[in-house]
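Inspection log for the structure reproduced underneath, given as structure tokens.
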Amino acid sequence: MPTDKLDVLLAVLPFAPVSEPVLSVSILKAVATEAGFSAAARYFAFDFAERVGLRTYNNVAAKWGSLPQIGDWIFAESVYGNRLPPPQRYLAYLKTSCLAPAEEVPDEGLRRLRMTISQYFVKHVWPGLLDARRLAPEIVEQWAYEILARQPRVVGFRCSSHQTCSCLAVARRLKMSPRPPVIIVGGPNCHRELGWHWVRCFPWIDYVCTGEAEEVFPLFLERTLRQDGALHIPGILSRQDTEPSVPPPVCDLDRSPVPDHSDYFEQLASSGIAAEMRLPVLPLESTRGCWWGEKCQCAFCGNTPDGIVYRSKSASRVLTEIRQFAREYRFGHFACTDDALDMKQIATVLAKLGKSHARPPFVYQVRANLTRHDLRTLHAGGVKGLVPGIESFSKTVLRLMRKGTTGLANIQLLRWCQEIGIETKENWRILYGFPGEPPSEYERMAKLVPLLTHLSPPDAVIPFNLMRFSPYGLSPDHFGLIDVRPRRSYSFVYPFGRKKLGGIACHFSFCYLDGRQPFAYTRSLRRQVGKWMKLWQTSDGNHPRLDMRVAGDDVVITDTRPCAVRRTHRLRGLSARIYRQCDAVQSRDGLLKMFGSQAGEAAVKKSLKTLVANKLLIEDEGRYLRLAIMV
Ligand code: SF4
């Protein structure tokens, strides 16, 4: 245990993913150091992963992380003791509310084991979670002891996802010591008005930062450690504050220091889990916010109003970070944290990287508005995988959720990625349950899915999550969402009533004003997607194919999808030309104009009809897209 005294210790607690440094912690360490304070990040998450086993840890942090509050539940007893419902009630809740709906998506491994997801969870996952919960009080004590021994004057916790109760447990234990440090908490779980409620619900927290911290954190340290008196810093709240406030968002990202990830890599190297892990991934932030959301936030998107403001680092700054990190750290790939890629950076960053020899691979989150040329540039620049915001194949549903894309554009993106060699498998999902969505659109999508089984499948079909800061969350009545209440899972980790839970909850349950039942009307879509996923869960990596190659003027297509009309198609003349033209989405009018003058409109219409009937081309409201992948 290091014995150096610290101004500030930044604690990273379970269930932060152990596979990567926490970006905001690395930024705050750099910010504090630059301001002349001694600072360190301590990844307690490694200790817990070592004690409970990496598999159980990752089960909670990633695989089963979608189960509500599971990480919080493990540490909740360390905060509230027997004031919480017994574990068996939580298990019953998980089985009925979360695991039962998932049973519909077949899992090849479970099928071989002849088990349902619930049975697997109860037999192989739940015992590990109970052990982890039993271990929590002892390890919280150890962490508190270690922190107190280092005598930091300030301890900072970053709370994101299901990381709240581990932070609360350690903070509470620290405050029981005779000379406790000042405790400050930040992160998405306590942004904006959540922070206001946090300081009231959790009396052992001294301060909460309610938004982006890097501009106010040095000021906070300065006033706490070097000056006496009240803080009066917008966005840093204590119980004495009489009104909520939010820190100003960072306007110029180039002024934010280069994140210091050194503590993560040093501690990982000496931890007992390093040998079991693949190389870490490294977060890379080139933008913040979302350029689309700034003008039209997707209705389900939970970004805060200040967080969604779009900002980009300059190309030279991004390239500097990439080169510096590649020199300093050993990692597998860059995981870009951007919600929406800056289109300018395709030319200014990725194109430049494409010309350099030493470039680590990247994974980016993107919207479906990329062209084939963009994707080629991304691929040449080192992008090996994309996390596309697909969400639906229905233009109507996408319009309702204000996504600003179409179903055909989404399919076009998946196909181009596959042609170019960019991985999207299980990197995206289909959402449902949007107020006003026509159930018939789900029937239509269920009929479309068998035609798409040669493309990388999603990882899930799930209802959208009602988040506090989303347009749906901010104005539920406007969208016909009623009886909005904190998700039931909160009642298993906090011994609070509904009103108090409502102040700290980020995720909510609701009913529909029109009484709709999306789970019922999306059944056939879920079944079809389940079959699609199963077709890709093969041990030999084989999956259905719909390949095309150009042979002179002809196009030869091989179709091994279960829905194939026949195995081989040879397109000639007009059909071949139309098919090649439909690489990108085309309108009927455009195709008639392009080919009608030579071949006649009737012939063009007939070709389109035949290509659609043969399941090689799809049509949506007079727009066409080819499905086959050029090999
Ligand atoms: S969901 Fe994605 S694309 Fe939509 S506003 Fe949010 S960040 Fe932007």
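The table for this structure:
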{"quantity": "Lys/Arg +1, Asp/Glu -1 at C-beta; the chain dipole; positive extreme among Y310, V383, S161", "calculated": "V383"}
{"quantity": "Net dipole in debye of the stretch 546-630 [+1 Lys, Arg Cβ; -1 Asp, Glu Cβ; about Cα centre; nearest 20]", "calculated": "260 debye"}
{"quantity": "Sorted peptide list for 72-78, 178-184, criterion being average Cβ within 10 angstrom, highest first", "calculated": "72-78, 178-184"}
{"quantity": "Separation of alpha-carbon centers, the stretch 546-580 and the stretch 342-357, rounded to whole Å", "calculated": "35 Å"}
{"quantity": "E138-H478 pseudo-label distance in nm [points 7 Å out on the Cα-to-Cβ vector]", "calculated": "5.3 nm"}
{"quantity": "Size of electric dipole in the chain: Cβ of Lys, Arg +1 and of Asp, Glu -1, about Cα centre, debye, nearest 20", "calculated": "1960 debye"}
{"quantity": "Within straight-line cross-link reach of K5, aspartates and glutamates at Cα separation under 18 Å, skipping those fewer than 8 residues along the same chain", "calculated": "E34, E146, E222, D263"}
{"quantity": "³J(HN,Hα), Karplus 6.51/-1.76/1.60, whole Hz, each residue of the stretch 518-523, x for Gly, Pro", "calculated": "x, 4, 6, 7, 9, 4"}
{"quantity": "Unit charges at the beta carbon, dipole of the chain: most positive-side option, S356, F519, S177", "calculated": "F519"}
{"quantity": "Euclidean distance of C-alpha centroids, the stretch 404-436 and the stretch 246-290, integer Å", "calculated": "28 Å"}
{"quantity": "Cα-derived Rg to Rh of the stretch 1-50, Kirkwood definition", "calculated": "1.00"}
{"quantity": "Proxy reagent accessibility, fewest Cβ within 10 Å first, across T396, T287", "calculated": "T396, T287"}
{"quantity": "Relative contact order (%) - criterion: Cα under 8 Å, at least six apart; region: the stretch 281-535", "calculated": "18 percent"}
{"quantity": "Normalised alpha carbon radius of gyration of the chain [divisor 2.2 N^0.38 Å]", "calculated": "1.03"}
{"quantity": "log10 of Debye I(q)/I(0), alpha-carbon scatterers only, for the stretch 281-535 at 0.08, 0.11, 0.12, 0.13 Å⁻¹", "calculated": "-0.37, -0.68, -0.80, -0.92"}
{"quantity": "Neighbour-count order for D131, D514, D47, fewest beta carbons within 10 angstrom listed first", "calculated": "D514, D131, D47"}
{"quantity": "5 Å-binned pair-distance histogram of the stretch 487-631 (Cα, whole percent)", "calculated": "2, 8, 13, 12, 12, 10, 8, 8, 7, 6, 5, 4, 3, 1, 0"}
{"quantity": "Two-site label geometry, T538 and K500: point separation in nm, points 7 Å out along Cα→Cβ", "calculated": "5.6 nm"}
{"quantity": "Ranked W196, W428, criterion: other C-beta atoms within 10 Å, fewest first", "calculated": "W196, W428"}
{"quantity": "Subset of K425/K606; K447/K606; K95/K500; K95/K534; K531/K609 violating a 31 Å alpha-carbon distance limit", "calculated": "K425/K606"}
{"quantity": "Within the chain, helix-based [θ] at 222 nm, where runs of 4 or more DSSP H residues each add -39,500 (n - 2.57), nearest 500", "calculated": "-11000 deg cm²/dmol"}
{"quantity": "Relative contact order (percent, whole number), the chain, Cα cutoff 8 Å, 6+ residue spacing", "calculated": "12 percent"}
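Read-outs: derived from the displayed coordinates by stated rules, not from any lab. Since the model is a prediction, treat every value here as computed from it, not as a measurement. Ideal geometry is used to build each Cβ from the backbone, glycine not excepted, and the neighbour counts take in all protein chains shown.
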